[in-house]
1. Counting only the heavy atoms of the protein chains, how much of Leu4 is accessible to a 1.4 Å probe, in Å² to the nearest 10?
2. Could you list the residues of segment 76-113 with an amide nitrogen less than 17 Å from a label point located 7 Å from the Cα of Ser120 in the Cα-to-C-beta direction?
3. Within segment 90-121, what residues put their amide N at less than 16 Å from the label point 7 Å along the Cα-to-Cβ vector of Ala40?
4. Looking at segment 11-40, which trypsin sites (Lys or Arg not before Pro) are DSSP coil and have at most 13 other C-beta atoms within 10 Å of their C-beta?
5. Over the chain, give the accessible area per residue in Å² for a 1.4 Å probe, as an integer.
6. For a paramagnetic label modelled at 7 Å from the Cα of Asn85 toward its Cβ, which residues of segment 1-27 fall within the zone defined by backbone nitrogen distances under 16 Å?
7. Tell me the relative contact order for the chain as a rounded percent, counting alpha carbon contacts under 8 Å between residues six or more apart.
8. Per 0.36 nm of contour for each residue apart, how much would the distance between Val2 and Thr28 grow if the chain were fully extended, relative to their Cα-Cα spacing?
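The values are calculated or read from the model by the stated rules, or taken from the named source; none is laboratory data. Computed from a predicted model, the values in this text were never measured in an experiment. As a convention, Cβ positions derive from the backbone with ideal geometry for all residues, glycine included, and neighbour counts pool all protein chains shown. These area figures cover heavy atoms from the full protein model, side chains too; ligands, DNA and RNA do not enter into them. Shrake-Rupley method; radii C 1.70, N 1.55, O 1.52, S 1.80 Å.
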Amino acid sequence: QVQLVESGGGLVQAGGFLRLSCAASGGTVSRTVMGWFRQAPGNEREFVAAMGWSGISTYYTDSVKGRFTISRDNAKNTVSLQMNNLKPEDTAVYYCNTMLSIATMRGQGAWGQGTQVTVSS
């Protein structure tokens with residue numbers, strides 16, 4: 001069983017930036033597609049970004065293309081999400097998770113606690 005712990009969230013003004021980190025323990029994610037998801041108040045959890053195990057294949061939801069960048073360090077068993085030019089609509093709790101494939105756009109494992117990102121106007 002892999003445990004995932006997200007960190008790096010915080011309060012920033014619109015146009016600011018944050019870098020989120022996801023640390024995996026209890027197993028390796030080096031050969032697993034990893035993704036970032038978010039859940040805004042009153043909304044369902046949605047897909048944000050995904051990266052294949054090699055770090056070559058990526059996919060982003062349209063609303064974050066050009067602003068967010070997903071990366072991973074398989075040696076450290078971590079996944080990151082660089083978020084630039086943040087907008088108030090990016091406010092949400094952000095989660096990472098393993099994925100069966102990039103095409104599923106869904107997490108397949110247990111969800112962690114997430115990390116809160118709040119973007120003020």
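1. 20 Å²
2. 86-92, by backbone N distance to the label point.
3. Those under the cut-off are 90-95, 116-121.
4. Arg31
5. Heavy-atom SASA per residue in the chain reads 52 Å².
6. Only 14-18 fall inside the zone, counting backbone N under 16 Å.
7. Worked out over the chain, it gives 35 percent.
8. Full extension of this stretch gives 8.6 nm more.
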